[in-house]
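Colleague: Mind looking over this structure? Questions follow.
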């Protein structure tokens with residue numbers, strides 16, 4: 001085994017010394033609310049490829065609520081890891097509402113969490129599978145309901161991925177804070 | 001399904017408009033080298049909880065080489081998702097060389113990638129399982145060998161997680177660029 005010491009990358013490369021992911025994101029609120037509720041969360045991420053999980057993990061104490069997650073970048077992993085049915089992938093594709101919803105359920109069940117949150121979409125720079133850059137599907141699965149939302153975001157690759165991460169955290173926080181309410185603050189099932 | 005448009009979070013919250021993860025990291029070099037080699041990568045992340053996968057995904061064209069990954073924050077997911085043996089978890093714990101090595105193999109095999117990269121460690125603010133803050137184990141698994149490295153990093157939670165991410169990308173790039181060489185540039189197997 002090789003052992004090493006490293007000089008600080010933050011000092012050497014002028015990288016941010018403070019976590020740029022949790023700045024402006026409701027990650028601390030989410031961790032606090034989940035902790036108070038005694039509940040846990042897991043992720044399934046394509047578009048963001050780990051950003052949502054990494055942002056939650058940026059909060060000290062996150063281990064009480066973050067179970068883990070699945071990065072399902074390749075389409076076939078959305079099935080084999082994430083639990084999306086072959087039928088949905090064949091008929092609707094990797095960037096679709098049903099895919100996001102099934103990924104959220106897959107994250108929840110495969111990681112043994114109370115809540116599952118999933119993101120799939122197009123970060124750019126090019127359109128994908130007939131979807132414009134900025135198309136984002138967010139799936140949320142909880143103890144009592146699932147829902148899916150579609151967003152149209154603007155900006156560059158990073159901005160779209162960061163904004164999708166913030167939206168996912170915010171919408172999950174809304175669900176956790178009001179677990180008996182359905183999408184958009186109304187009772188019932190999405191779409 | 002709820003549909004929405006969002007104002008730019010980057011503009012609204014003074015969040016970074018450019019990807020702060022790939023700044024200073026060899027992510028683009030790694031994607032280019034893997035693409036040229038026709039090879040793929042997958043991750044298993046505890047300490048960084050998705051940062052390595054998300055950093056690779058920040059590079060346009062990453063979908064040619066990034067298969068996906070596993071966020072194995074909870075200890076039991078290191079076994080059930082990541083493939084670490086119960087024996088290793090019981091005797092060495094979640095923060096250990098053998099755990100990192102088995103996670104790298106697990107990432108590679110479970111995601112169907114040529115290379116697996118894994119990180120487990122202590123980001124702080126508190127020590128964990130008898131390990132000081134900044135203790136990081138990096139596992140690398142490839143077509144011809146596996147290796148594990150231990151690092152002692154300094155700094156805050158974010159700095160440690162970011163630096164571990166950079167180290168993982170750099171060491172993976174070294175392996176991919178010289179696939180017949182073992183750890184530390186020498187032929188053979190890591191300790």
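Colleague: For chain A, give me the percentage of DSSP beta bridges that are antiparallel, rounded to the nearest 5 percent.
Modeller: 60 percent
Colleague: Pairs of Cα atoms under 8 Å, at least six residues apart: use those to get the relative contact order of chain A, whole percent. Provide the component values of the computation, followed by the final result.
Modeller: Working: 375 pairs, mean separation 37.7, N = 191.
Once normalised by length, the contact order is 20 percent.
Colleague: For region A:68-133, count all C-alpha to C-alpha pairs, find those more than 17 Å apart, and express that count as a whole percent of the total.
Modeller: Details: 780 of 2145 pairs.
When every Cα pair of region A:68-133 is considered, 36 percent fall beyond 17 Å.
Colleague: When the gyration tensor of region A:20-134 is built from Cα positions, what are the square roots of 5 times its three eigenvalues, in whole Å, from largest to smallest?
Modeller: 26, 17, 10
Colleague: For region A:106-184 and region B:106-120, compute the distance between their C-alpha centroids and round to whole Å.
Modeller: Distance between centres, Cα-based: 25 Å.
Colleague: Report, as an integer, the average count of C-beta atoms from other chains found within 10 Å of each Cβ along A:53-61.
Modeller: Partner-chain Cβ atoms within 10 Å, mean over residues of A:53-61: 6.
Colleague: Hey, another quick one. Averaged over its residues, how many other protein chain Cβ atoms are within 10 Å of peptide B:97-103's Cβ atoms?
Modeller: 1
Colleague: If you don't mind, another one. Kirkwood hydrodynamic radius (Cα pairs, Å) of region A:102-162?
Modeller: By the Kirkwood definition, the hydrodynamic radius is 12.3 Å.
Colleague: Using helices alone, I'd like the mean residue ellipticity at 222 nm for chain B: each DSSP H run of four-plus residues gives -39500 (n - 2.57), total over residue count, nearest 500.
Modeller: -11000 deg cm²/dmol
Colleague: Using R₀ = 35 Å, calculate the FRET efficiency as 1/(1 + (r/R₀)^6) where r is the Cβ-Cβ separation of residue A:64 and residue B:178; round to 0.05.
Modeller: Computed FRET efficiency for residue A:64 and residue B:178: 0.25.
Colleague: Label-to-label distances across copies for residue B:144, with labels 7 Å out along Cα→Cβ, in nm, shortest first?
Modeller: Inter-copy label distances (nm, one decimal, shortest first): 5.8.
Colleague: Sticking with this structure for a sec: Nearest 5 is fine: what % of DSSP beta bridges in the protein assembly as shown come out antiparallel, could you say?
Modeller: 55 percent
Colleague: Convex hull over the Cα atoms of the protein assembly as shown, averaged projected area in nm²?
Modeller: Details: hull surface 67.1 nm².
Computing the convex hull of the Cα atoms and averaging its projections yields 16.8 nm².
Colleague: Describe numerically, in nm with one decimal, the distance between label points set 7 Å from Cα along Cα→Cβ at residue B:152 and at residue A:1.
Modeller: Here the answer is 1.4 nm between the modelled labels.
Colleague: Just checking the output field for B:159-172: average partner chain Cβ neighbours within 10 Å of each residue's Cβ? Walk me through the numbers on the way to the answer.
Modeller: Working: counts 9, 4, 5, 10, 8, 2, 2, 6, 3, 0, 0, 1, 2, 0.
Mean shielding by partner chains, rounded to a whole number: 4.
Colleague: Pop the C-beta distance of residue A:28 and residue B:126 into the FRET formula with R0 = 22 Å and round what comes out to the nearest 0.05.
Modeller: 0.85
Colleague: Considering only B:31, B:88, B:71, give the residue with the highest GNM mean-square fluctuation for chain B, with springs between Cα atoms whenever their separation is below 10 Å.
Modeller: Answer for the Gaussian network model of chain B: B:88.
Colleague: Continuing with this model, one more query. To confirm my reading of the symmetry, which residue of chain B has the Cβ nearest the axis that brings B onto A, and what whole-Å distance does it have?
Modeller: Residue and rounded Å distance to the axis: B:50, 1.
Since every read-out is calculated from the coordinates, none of them should be taken as a lab result. Since the structure is predicted, the reported quantities are computational estimates derived from the model, not experimental observations. For neighbour counting, all protein chains shown are included, and Cβ atoms are generated from backbone atoms with ideal geometry for every residue, glycine included.
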